[in-house]
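Bear in mind that the values in this text are calculations on the coordinates, not laboratory data. Predicted model, so just to flag it, every value in this text is computed and none were measured. Cβ placement follows ideal geometry from the backbone for every residue including glycine, while neighbour counts extend to all protein chains displayed.
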Amino acid sequence: MAPANDSERSHVTTHVLDSTIGRPAGGVPVVLEHDDLGNWVMIGAAETDADGRANSLGPVALPAGRYRLSFDTKTYFAEQEVHAFYPEVQIVFELADTAAHYHVPLLLSPFAYSTYRGS
């Protein structure tokens, strides 16, 4: 499965919002992995853009299964000169509908985070 190019959107995308400043979190390293019989296998990686989005995380089509997004929040907050309680956020989710796009946003602060199934 080849990574998506700039004109194609990955099957899984994300958007990170820094809720402490009310703006997108650009520069957050993100890794997409697939659970292959109990072993996490990296599918793709990206860094959020200035709008906090990562639209080129991997292929445009993925099989059904369990996936994980890992966000390197320590790197992001260190660049902001902010000490954060969570150095990494991992979101595990089930991709069941192979025809549907999966958007997994992250609302982030140094001491809390929240996520939801986006559109």
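What the table below lists for this structure:
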quantity: Other-chain or far-sequence residues with amide H under 5 Å of Thr13's (modelled H); calculated: Tyr102, His103, Val104
quantity: Helix-only [θ]222 nm of the chain, DSSP H runs n ≥ 4, -39500 (n - 2.57) each, per residue, nearest 500; calculated: -1500 deg cm²/dmol
quantity: Cα gyration tensor of the chain - equivalent ellipsoid semi-axes, whole Å, descending; calculated: 24, 15, 13
quantity: Modelled label reach - Phe111, point 7 Å along Cα→Cβ, the stretch 67-88 residues with backbone N closer than 14 Å; calculated: 83-86
quantity: Extension gain, Glu8 back to Leu37 (0.36 nm per residue minus Cα-Cα distance, nm); calculated: 7.6 nm
quantity: Within the stretch 25-119, trypsin sites (Lys or Arg not before Pro) in DSSP loop having at most 11 other beta-carbon neighbours inside 10 Å; calculated: Arg117
quantity: Cut-off 15 Å between beta-carbons: net charge of the residues surrounding His15, Lys and Arg +1, Asp and Glu -1; calculated: 0
quantity: For the stretch 32-42, Karplus couplings with θ = phi - 60° (6.51, -1.76, 1.60), whole Hz, Gly/Pro x; calculated: 9, 10, 10, 7, 10, 6, x, 10, 7, 10, 5
